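The values are calculated or read from the model by the stated rules, or taken from the named source; none is laboratory data. Note that this is a predicted model, so its numbers are computed, not measured. A quick note on method: Cβ atoms are made from the backbone with ideal geometry, for glycine too, and the neighbour counts reach across all protein chains shown.
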Amino acid sequence: MGAALLVGALAGAVTGVGGAALLNDDHAQTIAQGAPSPSDNGARLNTQPVAAPATDGSTESAAAAALPSVVKIYASGAQGSGSGSGIILTSGGEILTNNHVVELTAGGGKLAVSFNDGTTAKATILGRDPLTDLAVIKADGVSGLTPAAIGDSDSLAVGQQLIALGAPYGLESTVTTGIVSALNRPVTTQGEAAGDPATIFPAVQTDAAINPGNSGGPLINLSGQVIGIDSAIKTTSSGDGSQSGSIGLGFAIPISDALPIVEELRNGETPTHARIGVTVGDATDEVGLPDGALVGQVDTGSAADQAGLRKGQVITKVDDHVIDNGDSLVATVRSYRPGDTVRLTVTSSTADGTSTGPAKTVPLTLGSDTD
């Protein structure tokens, strides 16, 4: 998986919100845990992959199929203003975006949406989840919109062609192309609002150009199906403190991981996240290279406690996912749901955090951060 990348929010087209997040080089120790509103006419979102309009497998046809489902979002609040992107979920105006695009307005502010046909509408927040950097908003007084076709991010392969859509720097209906550069890349973003937790997710990494203002927009396959939500980028320093653009390191939240949270947000429910119930650091091998997540505190009664995990053990795998460090454990756990059963590969460690000893497999049923 490699070391997780620490990110901070990046301003959108004006100031304050709406960009893909900016990646720094720091590395942080992490913890493996994490107002009712009516949804669109009570309709349940189809969380299964949905067939896109017929395409010929070209960038042109995929973009043409998906662009009617992409919006530009304007947000303003006491702390600033800016713009981002969003994905139409329902014909009645429910839209998926990033939490960091809309969080400025959560305490009072203005939210508006611009559609692909040039029309605009005011919008309100249905629900948001800082832990996963997801939010669902509702455009007011609209109907007959074109919902996005939803794909399956679990079926992605490295090297597969992808398309990013959105409004970078406020430029609506922008289309860029690239490939899947890596899967399950642990990425950490820092929330803009005071007290917001860090978001750590197993990202789809792409070299498609993603810039400030792309946040919340879709990453699609050549069938025109959404397979990710653009969320973060790695940039080089501009030297004067200003924001710089894409250098080919973009990161998206996998759509298959996002959909259960999206459904909870649509229904006005408190989002739930899988939790092991430990604090973790980074283990190293005999030459000092990353070699797993070092277990610190084990919460009494947690899933980890019930599975027999103890302080000083090192987690090196979750099912078949290799765990290099603490953040990669958190990101991997976030890709599961509470109640899922996983197999942890666990070793012991020395006093300085070096992994050692024979590995063993520990079955564990994941808890919830609402337990």
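List pairs: first in region 142-157 and within 17 Å of GLY86 (Cβ to Cβ), second buried (at least 20 other Cβ atoms within 10 Å of the Cβ) and of a type in the set (Phe, Trp, Tyr), Cβ under 9 Å, 6+ apart or cross-chain?
Within 9 Å, the pairs are VAL142/PHE115; LEU145/PHE115.
Could you list, in sequence order, the residues of region 124-141 that are touching a helix residue (DSSP H, G or I) at 6+ places or on another chain (Cβ under 8 Å) and either part of a strand (DSSP E or B) or on the phi > 0 side of the Ramachandran plot (or both)?
Across region 124-141, the qualifying residues are ILE125, LEU126, GLY127, ARG128, ASP129, ASP133, LEU134, ALA135, VAL136, ILE137, LYS138.
Filter region 216-233 down to the residues that are farther than 10 Å from ALA62 by Cα and of a type outside the set (Val, Ile, Thr), then identify the one that is surrounded by the fewest Cβ atoms within 10 Å (Cβ to Cβ).
GLY228
Would you be able to say whether some residue in region 337-346 is within 16 Å of LEU131 (Cβ to Cβ) and surrounded by fewer than 19 Cβ atoms within 10 Å (Cβ to Cβ)? Quick ask: steps written out before the conclusion?
Applying the first criterion (within 16 Å of LEU131 (Cβ to Cβ)) to region 337-346 yields 337-338.
After this cut, where a residue has to be surrounded by fewer than 19 Cβ atoms within 10 Å (Cβ to Cβ) as well, the list is 337-338.
Within region 337-346, one or more residues are within 16 Å of LEU131 (Cβ to Cβ) and surrounded by fewer than 19 Cβ atoms within 10 Å (Cβ to Cβ).
What do you reckon, is VAL113 part of a loop (DSSP other than H, G, I, E, B) and assigned by TED's automatic domain parsing to the domain that holds GLU263?
So VAL113 fails the test.
Being buried (at least 18 other Cβ atoms within 10 Å of the Cβ) and outside any loop (DSSP other than H, G, I, E, B) is the filter here; which residues of region 291-306 pass it?
Hits for region 291-306 are ASP291, GLY292, ALA293, LEU294, VAL295, VAL298, ALA303, ALA304.
Of the residues in region 96-110, how many are at pLDDT below 95 and either in a loop (DSSP other than H, G, I, E, B) or acidic (Asp, Glu) (or both)?
Qualifying residue count for the region: 4.
For region 103-136, which residues satisfy the criterion of being more than 15 Å from SER76 (Cβ to Cβ) and among the β-branched types (Val, Ile, Thr)? Step through it out loud before you land on a result.
Residues of region 103-136 that are more than 15 Å from SER76 (Cβ to Cβ), as a first pass: 115-119, 121, 126-136.
Within region 103-136, THR119, THR132, VAL136 qualify.
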